[in-house]
């Protein structure tokens, strides 16, 4: 069975080392979940990105822009990311962003509801509109005019763009995590009945 080797700093090419330093510097390094293992290898999707550093750099830059330079409210962003993680059974993505969500004020009850595939009853109108849009984007059945209009009312054209790219980005990471077979840390993995091909 193929597994991505865990790359450590001493064995990286110059391009990989440059990407490694970008990933481990800045606001990511101070987040609520681990991105570097004790041996120096990268956690989550980041180790896999090192194997294609040109693409990996573009991916990490997009992720940094969405998380740290976007215009969406922090709660809205993390609610949507957690909804994507729950819908796609992405174990590591849920592990990481359920923690990030708590930091920005998402409650444990809201996380339970997201994990169950429902919109939290305490969500604001704007948050609910964002989650409804995310649900339709994940389903890949098109976006209804009603849902698009509600999201537009709360976020405008720029917000619609950001929400759509946010969902697409975390869908991409969920796929990469599945291909690389990256699980949540054993001591924190939720009991969701995952098989080996569901992350």
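The values are calculated or read from the model by the stated rules, or taken from the named source; none is laboratory data. It should be emphasised that the depicted structure is a prediction, and the values quoted were computed from it without experimental measurement. Cβ coordinates were reconstructed from backbone atoms using ideal geometry, including for glycine residues, and neighbour counts include every protein chain displayed.
A few remarks follow.
- Here is the figure for segment 33-54: residues that are within 19 Å of residue 184 (Cα to Cα) and outside any helix (DSSP H, G or I) total 13.
- Output for segment 55-74, where each listed residue is touching a residue at least 24 places away in the same chain (Cβ under 8 Å) and not in a helix (DSSP H, G or I): 70, 71, 72, 73
- Pairs linking a residue in segment 138-151 that is under 21 Å from residue 86 (Cβ atoms) to a residue that is surrounded by fewer than 16 Cβ atoms within 10 Å (Cβ to Cβ), with Cβ atoms under 7 Å and 6 or more positions apart or on different chains, do not occur.
- Here residue 105 clears all of (1) at negative phi; (2) touching a helix residue (DSSP H, G or I) at 6+ places or on another chain (Cβ under 7 Å) except the condition numbered (1).
- Which numbered condition residue 4 fails, given (1) in contact with a helix residue (DSSP H, G or I) (Cβ under 9 Å, 6 or more places away or on another chain); (2) farther than 29 Å from residue 103 by Cα; (3) modelled with pLDDT of 95 or more: (3)
- Meets criteria (touching a helix residue (DSSP H, G or I) at 6+ places or on another chain (Cβ under 9 Å), surrounded by fewer than 16 Cβ atoms within 10 Å (Cβ to Cβ) and over 13 Å from residue 162 (Cβ atoms)) for residue 56: no
- Some residue of segment 24-32 being within 17 Å of the chain's Cα centre (by Cα), assigned to a loop (DSSP other than H, G, I, E, B) and not assigned by TED's automatic domain parsing to the domain that holds residue 135: yes
- Scope segment 27-53; condition in contact with a strand residue (DSSP E or B) (Cβ under 9 Å, 6 or more places away or on another chain) and surrounded by fewer than 14 Cβ atoms within 10 Å (Cβ to Cβ); matching residues: 29
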